[in-house]
Amino acid sequence: MLKNIRAVLFDLDGTLIDSAPDLGAAADKMRTDRGMSSLPYELYRPLAGAGARGMLKVAFDMTPEHQDFMTMREEFFANYEAAMTVRTYVFDGVEDLIEHLQLRQMPWGVVTNKMARFTDPLTAAMPLFASARAIVSGDTTPHPKPHPEPLFEAARRLALPPEVCLYVGDDERDIAAGRAAGMPTVAAGYGYLGEKTDISAWGADLFVDSPNKLLQLLAEA
């Protein structure tokens with residue numbers, strides 16, 4: 001399957017970078033600003049992939065149906081926007097993986113549900129993304145993942161048919177989007193997944209437990 005791959009596309013949070021510490025801190029600041037006790041980071045991390053919805057659920061047990069949700073979400077966004085790269089880091093092995101792709105002259109890119117408001121300054125601030133050929137955010141197209149349109153947009157930017165692009169993600173919606181776009185998919189099991197998550201049920205073509213494992217599979221293809 002990997003022999004025909006000509007480009008690799010990645011989800012962002014939980015796949016290339018660990019942004020959970022900064023996401024959790026943005027929500028926890030909302031608590032401490034209100035005189036509430038700080039919560040352990042371990043409570044925030046499993047829901048980091050759900051963004052504001054997940055962080056507000058942990059911090060305030062608040063769901064999108066709550067009348068104050070939109071106001072609280074914007075406060076969370078402002079906190080996060082002010083400190084997006086304080087604690088965020090690239091997962092071990094990712095830099096080697098990207099270097100391998102560059103040595104093979106294989107273009108790569110990012111397809112995330114994170115809004116461009118955050119994606120653009122975050123990727124601009126991190127040297128890893130200087131070589132990315134396509135960065136597609138959750139609001140770049142009319143539909144975020146699991147709709148396939150963001151992946152189609154990335155393929156268009158790479159001037160490649162979707163079927164020769166590999167998509168790697170750490171959430172079920174990533175795999176659903178990749179399959180809908182006709183791309184081979186890889187489920188990344190090293191991100192924000194909790195112990196109860198059964199990634200084998202997602203229907204991905206391959207599963208990896210580290211970026212180094214993906215590098216190995218690509219090198220052997």
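A short reminder: the numbers here are calculations on the coordinates, not readings from a lab. Everything quoted here is computed from the prediction, not taken from an experiment. Cβ: placed from backbone, ideal geometry, glycine included. Neighbour counts: every protein chain shown.
Structure notes:
- Residue exposure sequence - Phe118, Phe69 - by fewest surrounding Cβ within 10 Å: Phe69, Phe118
- Candidates per trypsin sites (Lys or Arg not before Pro) in segment 6-50, loop by DSSP, up to 11 other Cβ within 10 Å: Arg34
- Cα long-axis angle, helix 69-82 against the chain (0 to 90 degrees, to the nearest 10): 70
- Amide H contacts of Gly93 (H built 1.01 Å from N, under 5 Å, at least 5 apart or other chain): none
- Over the chain: helical MRE at 222 nm, DSSP H runs n ≥ 4 each giving -39500 (n - 2.57), nearest 500: -12000 deg cm²/dmol
- Between the amide H of Val110 and those of Phe10, Ala134, Ile135, Val136, distances stay under 5 Å, these residues lying 5 or more places away or on another chain, with hydrogens modeled in the peptide plane.
- Tail weight of P(r) past 25 Å, computed on alpha-carbon pairs of the chain, percent: 37
- Comparing Cα centroids, segment 181-221 and segment 1-64 end up 19 angstrom apart.
- Beta bridges per DSSP with both ends in the chain, % antiparallel, nearest 5: 10
- Per-residue HN-Hα couplings for segment 5-22 [Karplus 6.51, -1.76, 1.60; θ = phi - 60°; Hz; x = Gly/Pro]: 6, 10, 7, 10, 10, 10, 5, 9, 5, x, 10, 9, 10, 9, 9, 4, x, 6
- Simple label model, 7 Å out from Cα along Cβ direction - Ala219 to Thr85, nm: 2.9
- For the chain: lysine pairs under 22 Å (alpha-carbon distance), excluding those fewer than 8 apart on one chain: 7
- Other-chain or far-sequence residues with amide H under 5 Å of Leu166's (modelled H): Arg6, Ala7, Val8, Leu9
- Positive end of the dipole of segment 126-221 (Cβ unit charges, origin at the Cα centre): among Gly189, Ser137, Ser200, the Cα lying farthest that way belongs to Ser137.
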